[in-house]
Amino acid sequence: MTVDATASDPSALNYRTAVDQVVHWYEQLTPSTLGQLDRVYSPSARFKDPFNDVRGHDAIRGVFTHMFARLDGPRFVVQRRLVDGAHAMLVWDFFFRFRGETQERCIHGATHLQLAPDGRILLHRDYWDAAEELYEKLPVLGGLMRWLKRRASH
């Protein structure tokens, strides 16, 4: 699903195409495709998620290198995309297994992207609930997190 604020604006088509390319890159992401990161992110791009807040190609590449080192079979599936000029929202599922586990896990989240005029990412901000999507699903910590959630909701 794509929404364009100004469908008659030629740059809207360019941004939509750029977002399509970003989505394709993410859905095909492997350790070997990390070499293409400079084509996706601007040199001074900022990447922020619940665990990281970094700038620049090397730091962003480090986030993904760490992900591939710690997880088995990580993959993104983008469910929705909304494009409004140089801004986009992606709704996604992230599938992975912790090293040594057979159970596949899934984190549901969303990403706000701000694109440069050349279509590369200037700002990548992930939004997902680490407590609900990750901590509650862990064997020991999960029980504590679910208890805290019940206590806070009363």
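Each reported figure results from applying straightforward, stated rules to the coordinates on display, with no laboratory input. Computed from a predicted model, the values in this text were never measured in an experiment. Every residue, glycine among them, receives a Cβ derived from its backbone with ideal geometry; neighbour counts consider all protein chains shown.
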Peptides 92-105, 75-88: what's the order by average Cβ count within 10 Å, highest mean first?
75-88, 92-105
Shape call for the stretch 10-129 from the C-alpha gyration tensor, a ≥ b ≥ c root eigenvalues: rounded (a/c under 1.5), prolate (a/b greater than b/c) or oblate?
prolate
Quick one: length gained pulling R70 to T30 fully straight, 0.36 nm per residue minus the C-alpha distance?
13.1 nm
Whole-Hz ³J(HN,Hα) from phi, Karplus 6.51 cos²θ - 1.76 cosθ + 1.60, for the stretch 32-49, glycine and proline x
6, 7, 4, x, 8, 4, 5, 7, 9, 10, 5, x, 9, 4, 9, 10, 9, 9
